[in-house]
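Derivation of every value follows stated rules applied to the coordinates shown; laboratory data play no part. Just so it is clear, the model here is predicted, and its values are computed rather than measured. Here the Cβ positions follow ideal geometry from the backbone for every residue, glycine too, while neighbour counts run over all protein chains shown.
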Amino acid sequence: MKKIISLLMLLSTLTVHAEWIYVTSNSDKDKIFFDPKTIGVYENYRKAWVLVNFAKPQTVGADSASSKSTYYKFDCNGKRFSVVAELTTSEMGGEGKILTKVSASEDVWVTATKEDSLKVAMESVCSK
């Protein structure tokens, strides 16, 4: 319960204080950013918000999402990441109507590959 309340508080303040820094674009021409103000260091990990502004809106139910904000846990030494929380919104920059909210297990790890545009975001977060 405490984790859920903390996550909801974090989600509610995401765009109000965001300082998105451009990182890269992917093959779909989506633009990827991270917010250095949200970087937290926890033992051997870093957590931070990463934003994707879609080049073409994505269909979410009956709505169109223009961006996705994801709170990642990065294992900087292991070059892997996990999703802590994710939300999609109707406007660029994580603004507008929240279309989906997902809370995920931090224990599901994905290895960042050379082709993965998130790898560039992870390297930016890990260098801070």
Looking only at lysines whose Cα falls under 19 Å of residue 68's and that sit 8 or more positions away or on another chain, we get 29, 31, 37, 47, 56, 97, 101, 119
Partner aspartates and glutamates whose C-alpha sits under 19 Å from that of residue 114, ignoring same-chain residues fewer than 8 away, are 28, 30, 75, 123
Show me the three semi-axes of the equivalent ellipsoid for the chain, from the C-alpha gyration tensor (sqrt of 5 times each eigenvalue), largest first, rounded to whole Å.
21, 18, 13
Calculate the radius of gyration of the Cα atoms of segment 59-128 to one decimal place, then report Dmax, the largest Cα-Cα distance, as a whole number, both in Å.
13.5, 41
Farthest towards the positive end of the dipole of segment 2-126, among 96, 66, 124 and with Cβ unit charges of +1 on Lys and Arg and -1 on Asp and Glu, lies the Cα of 124
